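Derivation of every value follows stated rules applied to the coordinates shown; laboratory data play no part. All values reported here derive from a predicted model rather than from experimental measurement. Every residue, glycine among them, receives a Cβ derived from its backbone with ideal geometry; neighbour counts consider all protein chains shown.
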Amino acid sequence: MKYVMIVPVGDNTNTLFIGIRDFPTERVILLAPQARLREAERIEKDLDRFGIQYRTVEIRGSVWEEMFRTIGEIARQEVGKEIIVNTATGDRATACAATSAAFVNGLKAISIEGNETMLLPVLKFSYYKLLTDKKMALLKLLYRQAKGMSMHELRKTAKMSAALLSYYIHGNLKSEGLVAMGLVEVLEENREVVVHLTMLGRMLVKGYV
C-alpha cells in the first residue's frame, strides 16, 4: 500500500523524506503559500530524483481557510486512496491548519520529532451532524453580515424569541450552543451585545469544514 501524502511547505520540509521513509508514498501534493513557492520548486527536484510523482497547489489568501478548502477538495478527489498529511513540514500556521483540516476530514496525519515519525490520532467529526437547521440558518444570516449582528437585530431577522435565540447561541446543559462549538463569539459593542461568526464559522458556512 502506498500513500498520497499532503505536504504543507514551511520551515521544516527536510522532514518530508522521513515521512516518506516510514509511509511509502506514490504521490506528493505540496501546499505552498506564495512566499514558499521557491522552496516547493526545490522539493520538486528532490522528488524527481526519487521518482515520486508530485503536484504543487499554491495557497493564496487566508492560510487557514485555504488549507481547509484545499485539503477538503483533495479528500473528495482522492476517494479510495490512502491519504496522509505530513504536518511536520509546515511552519506554525500551516502545520496547525493542516492538522485541523486532517482531523475534520478524518485523514491520517503524522508529525515528526527528531528522526521518529508519530501517527496522530484520527479525530473525525462533523459539525453538520451537530447543527440543527435553525442553527445553520443563524450562521448563514451572520455570514451575510460581515460586521456581525446585535442580538436584537438577529432575533428580529430570524423571527424568533429572545429565549430561543439565547438557547441557540449559548446552549444549555444538554445541548451545546454556537459559542461553545466555536462557531460564533458574543461581544459587547457600544452597549449592545453583538454576535460575530468566528473563522471556523465562516469556513463551515462556505463548506470548507
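Side notes on the structure shown:
- Sequence-separation-based contact order of the stretch 3-120, relative, with Cα cut under 8 Å and 6+ spacing, percent: 33
- Just so you know, the Cα atoms of the stretch 143-184 work out to an Rg and Dmax of 10.6, 30 Å.
- Equivalent-ellipsoid semi-axes of the chain, from the Cα gyration tensor, Å, largest first: 40, 17, 14
- Karplus-derived HN-Hα couplings along the stretch 107-119 (A = 6.51, B = -1.76, C = 1.60, θ = phi - 60°), whole Hz, x at Gly and Pro: 9, 5, 9, 10, 10, 9, 10, x, 10, 10, 9, 10, 7
- Comparing G19, G171, G80 in a Gaussian network model of the chain (Cα springs below 10 Å), the most mobile by mean-square fluctuation is G80.
- Per residue, the Cα convex hull of the stretch 127-206 amounts to 88 Å³.
- Candidates V179, V28, V79, ranked by Gaussian network fluctuation over the chain, Cα under 10 Å, top entry: V79
- Inter-site label distance for S166 and L119 at 7 Å from Cα along Cβ, in nm: 4.9
- Span-rule helices in the chain, defined as complete DSSP H runs reaching 15 Å or more along the axis (Cα) with Kyte mean at least 0.5: 92-104
- The length gained by stretching the chain between K147 and R60 to full extension, at 0.36 nm per residue less their Cα-Cα distance, is 29.0 nm.
- Distant-in-sequence amide H partners of V184 (H built 1.01 Å from N, under 5 Å): V179, T198
- Residue-averaged [θ]222 nm for the chain, counting only DSSP H segments that reach four residues, each worth -39500 (n - 2.57): -12500 deg cm²/dmol
- Amide proton proximity set for Y54, modelled H, under 5 Å, gap of 5+: V28
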